[in-house]
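What follows is a short report on a single structure.
The values are calculated or read from the model by the stated rules, or taken from the named source; none is laboratory data. None of these values were measured; they are calculated from a predicted model. Note that each Cβ is placed from the backbone with ideal geometry, even for glycine, and that neighbours are counted across all protein chains shown. Accessible surface areas use protein heavy atoms only, side chains included; no ligands, DNA or RNA. Shrake-Rupley method; radii C 1.70, N 1.55, O 1.52, S 1.80 Å.
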Amino acid sequence: MSEISALQKARYAYQPDVPDILKQDAAKVQIETGEAVVPTKDAERIQAAYPETYGMPIVKFVPGKNEFAAKPHRTGILLSGGQAPGGHNVICGLFDGLKAANPESELYGFHLGPGGLVKNDYEVLTADRIDRYRNTGGFDMIGSGRTKIETEEQIEAAIRNIQELRLDSLVIVGGDDSNTNAAFLAEQCKQRNLPVQVIGVPKTIDGDLKNEYIETSFGFDTATKVYAGIIGNLARDTMSAKKYWNFVKLMGRSASHIALEVGLAVHPNVTLIGEEIKANNSTLQEILFNICHVIAHRAANGENFGIVLIPEGIVEFIPETANLIDELNKNWVEYEKVFTALTTLDSKKRWLINKISQQAYYTLDQLPDEIAEQFLGLRDPHGNIMVSQIETEKLFIYMIRDYLASMEAAGTYQGSFAPLSMFYGYEGRAVPPSNFDANYCYALGKTAFMLIANGVTGYIANVRNLAKPVAEWTAGGVPLTMMMNMEVRKGKEVPVIAKSLVDLKGRPFKELAKNRFNWANKTAYLFPGPMQYFGPSECCDGITETLRLEEEARAESAGGTK
């Protein structure tokens, strides 16, 4: 990095803030144990699978004495899954914690995620290396990957490499699947009596790794601010041109947290929430009708423009398309062999007509050809449909255009419909972290070290009170097994960390639901603007609407006031 931009240089110099307890000498910090926590369901089956790490207590850092904190550590770290802003600060916080407690400690960064641990592909991270990545976006310091350590060969290779490097601790930074892997490795090491601590860190821009103890995953704040800024710009352009309907797909494969947050931040005309669609069992036709009703109403007011937000995983929430995906996935090995010899969509559909249910075939037949081809062709290495690559934003445009034509013929719509489609996803994954995420991630790294220094394993780093000033944040750890439930993976029920979906009874969704009629029919866009790093605190240090509203609800529940 011989040349850097002015912003890069300024961000290198940024000093993340952390709660006071994490600023203390590690020898003066100990853990206070709280209540033992267990999963809310499938408890007995999870305990049977995780007998050594099940039912551990929540831990919190408090002033005290820790005579083992200054012990030299050999710690490994890996980044797992998709990028999220702030990952480098987790590494920096962990590194600084290790070195402050004992300069002889070493941090091993495994390249390209869990695959690096299995292949023993690593580097020893130095201060010079670390300093080049402080407060920067991306995961390029050591890279990331999606390998899951689950086969006997992978497990043995990972443990062998941990032992050969004489690691006493391993930090896994990732989402629900990655932290499931962390829980699994912690259990395996305990069962084998290996003195290796495994600690998880909550990462995912999708926002679906959260619970009553994990208030947000890192990266969500930054990514949603980036998307809100772009869509706010789009809203201003839309108001200026007054002739385009923008259909915007947003990240969120399994949950609609991003769409909800951006909806709250920008006030688009329509924000689709997959969890609501599933709860209401809303059909594709009902969804189209509702959007067309908004388009027609706005046209009657002379406003032939608008913005529709669509979470990328919505086809897994709509009953018809979810059923089609399920039926195609079940027998894809058989279908794929046949489809390789069939060159046209019509030939594939003719062959498929007696292979899937009439309902599923009818759904497929109603889809525009371009989208139907995606349902029949996009597959991941496991044979499952790649939902994120289905162009649902175009699907809605195609079908709405036809629906509006029928409304026009019936005299219930008079207007012009000029649609545009776009997908905002990767733009938000690797940007420099917001001040919030820079602070939060550094605090998570320091927390991971403090958990190691206090001898625990099978925990996920936990920093709370995030809606308050940093000085009021608290830090500690939550047992990974507490977050688990049983799910079917590759045809078999196994314990995994549960994804957190949008809570339809929660304050953030209720806020959207309360305002959606006005936002649909009146142009009420907000313009968050580009994310700021320097300037007034109200511009640079704000939290997400989701976090603010959830804290507001917690305060009221505890007897506080708005």
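The rows are residues; the columns are (1) open to solvent by less than 20 Å² (accessible area, probe 1.4 Å); (2) more than 28 Å from the chain's Cα centre (by Cα); (3) within 28 Å of Gly175 (Cα to Cα); (4) among the aliphatic types (A, V, I, L, M).
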{"position": "Ala228", "(1), (2), (3), (4)": "yes, no, yes, yes"}
{"position": "Thr238", "(1), (2), (3), (4)": "yes, yes, no, no"}
{"position": "Phe289", "(1), (2), (3), (4)": "no, yes, no, no"}
{"position": "Gly302", "(1), (2), (3), (4)": "no, yes, no, no"}
- Filter the range 65-78 for residues that are among the charged types (D, E, K, R) and out of contact with any strand residue (DSSP E or B) (no Cβ under 7 Å at 6 or more places or on another chain); the one that is nearest to Glu123 (Cα to Cα) is Lys71
- Exactly one condition in (1) in contact (Cβ under 8 Å) with a residue 60 or more places away in the chain; (2) in contact with a strand residue (DSSP E or B) (Cβ under 6 Å, 6 or more places away or on another chain); (3) not in a loop (DSSP other than H, G, I, E, B) is not met by Val62; state its number. (1)
- Task: Output yes when any residue across the range 405-420 is over 13 Å from Val308 (Cα atoms), outside any loop (DSSP other than H, G, I, E, B), touching a residue at least 40 places away in the same chain (Cβ under 8 Å) and not acidic (Asp, Glu), and no when none is.
- Result: yes
- Could you tell me whether Gly207 is at positive phi, open to solvent by less than 10 Å² (accessible area, probe 1.4 Å) and modelled with pLDDT under 95? no
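Say whether the condition of being basic (Lys, Arg) and over 26 Å from the mean Cα position of the chain (by Cα) is met by at least one residue in the range 51-68.
Yes, some residue in the range 51-68 is basic (Lys, Arg) and over 26 Å from the mean Cα position of the chain (by Cα).
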- Query: Of Pro72, Pro39, which residue is out of contact with any Pro (no Cβ under 7 Å at 6 or more places or on another chain), free of Cβ contacts under 8 Å to residues at least 60 places away in the same chain, part of a loop (DSSP other than H, G, I, E, B) and under 30 Å from Gly115 (Cα atoms)?
  - Reply: Pro72
- Note on the structure: Residues of the range 367-393 being touching a helix residue (DSSP H, G or I) at 6+ places or on another chain (Cβ under 9 Å) and free of Cβ contacts under 8 Å to residues at least 40 places away in the same chain, in sequence order, are Leu367, Pro368, Asp369, Glu370, Ile371, Ala372, Glu373, Gln374, Gly377, Leu378, Met386, Gln389
- Task: Inspect all residues belonging to the range 530-540 and state whether any of them is touching a helix residue (DSSP H, G or I) at 6+ places or on another chain (Cβ under 8 Å) and charged (D, E, K, R).
- Result: no
- Note on the structure: Output for Cβ contacts, cut-off 8 Å, separation at least six or different chains, first residue polar (S, T, N, Q) in the range 113-129, second modelled with pLDDT of 95 or more and open to solvent by 60 Å² or more (accessible area, probe 1.4 Å), reads Asn120/Glu164
- Query: Looking at (1) under 23 Å from Val496 (Cβ atoms); (2) at pLDDT 95 or above; (3) touching a strand residue (DSSP E or B) at 6+ places or on another chain (Cβ under 9 Å), can you tell me which one Arg166 breaks?
  - Reply: (1)
- Query: Ala6 fails exactly one of the following numbered conditions: (1) of a type in the set (Gly, Ala, Ser); (2) open to solvent by less than 70 Å² (accessible area, probe 1.4 Å); (3) out of contact with any strand residue (DSSP E or B) (no Cβ under 6 Å at 6 or more places or on another chain). What is the number of that condition?
  - Reply: (2)
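Can you go through Leu112, Leu117 and tell me which one is hydrophobic (A, V, I, L, M, F, W, C), out of contact with any Phe, Trp or Tyr (no Cβ under 9 Å at 6 or more places or on another chain) and either open to solvent by 20 Å² or more (accessible area, probe 1.4 Å) or not in a loop (DSSP other than H, G, I, E, B) (or both)?
Numbers: Leu117 fails: out of contact with any Phe, Trp or Tyr (no Cβ under 9 Å at 6 or more places or on another chain).
Just a single option satisfies the conditions, and that option is Leu112.
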- Filtering the range 380-419 down to residues that are closer than 18 Å to Gln366 by Cβ and open to solvent by 70 Å² or more (accessible area, probe 1.4 Å) yields Arg401, Asp402
- Query: Pairs, please: C-beta under 8 Å, at least 6 apart or cross-chain, first residue in contact (Cβ under 8 Å) with a residue 40 or more places away in the chain and farther than 17 Å from Glu261 by Cα and in the range 519-539, second open to solvent by less than 40 Å² (accessible area, probe 1.4 Å) and of a type in the set (Val, Ile, Thr)?
  - Reply: Asn521/Val294
- Message: Exactly one condition in (1) within 12 Å of Val173 (Cα to Cα); (2) open to solvent by 10 Å² or more (accessible area, probe 1.4 Å); (3) of a type in the set (A, V, I, L, M, F, W, C) is false for Ala84; which is it?
- Response: (2)
- If you check every pair at least six apart or on different chains, which have Cβ atoms under 6 Å apart with a residue in the range 493-515 that is within 26 Å of Glu44 (Cα to Cα) first and a residue that is open to solvent by 40 Å² or more (accessible area, probe 1.4 Å) and not basic (Lys, Arg) second? Pro495/Ala49; Val496/Glu487
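From the list Glu44, Glu67, which residue is free of Cβ contacts under 8 Å to residues at least 12 places away in the same chain and open to solvent by 70 Å² or more (accessible area, probe 1.4 Å)? Full working, then the answer.
Values: Glu67 fails: free of Cβ contacts under 8 Å to residues at least 12 places away in the same chain.
Just one listed residue meets the conditions, Glu44.
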- Query: Restricted to the range 525-545, and to residues that are outside any loop (DSSP other than H, G, I, E, B) and within 30 Å of Ala241 (Cβ to Cβ), which residue is least open to solvent (accessible area, probe 1.4 Å)?
  - Reply: Glu545
- For Lys337, which of the numbered conditions (1) touching a helix residue (DSSP H, G or I) at 6+ places or on another chain (Cβ under 9 Å); (2) over 17 Å from Leu404 (Cβ atoms) fails to hold? (1)
- Within the range 305-347, tally of residues that are among the aliphatic types (A, V, I, L, M), under 25 Å from Phe423 (Cβ atoms) and assigned to a helix (DSSP H, G or I): 7
- Considering residues that are open to solvent by 80 Å² or more (accessible area, probe 1.4 Å) and either closer than 18 Å to Gly476 by Cα or modelled with pLDDT of 95 or more (or both), the number found within the range 24-41 is 6
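Matching residues to (1) part of a helix (DSSP H, G or I); (2) in contact with a Leu (Cβ under 8 Å, 6 or more places away or on another chain); (3) of a type in the set (A, V, I, L, M, F, W, C):
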site: Met482; (1), (2), (3): yes, no, yes
site: Glu487; (1), (2), (3): no, no, no
site: Glu511; (1), (2), (3): yes, yes, no
site: Phe517; (1), (2), (3): yes, no, yes
site: Thr523; (1), (2), (3): no, no, no
site: Leu547; (1), (2), (3): yes, yes, yes
- Among (1) under 21 Å from the mean Cα position of the chain (by Cα); (2) surrounded by fewer than 19 Cβ atoms within 10 Å (Cβ to Cβ), which single condition is Asn135 missing? (2)
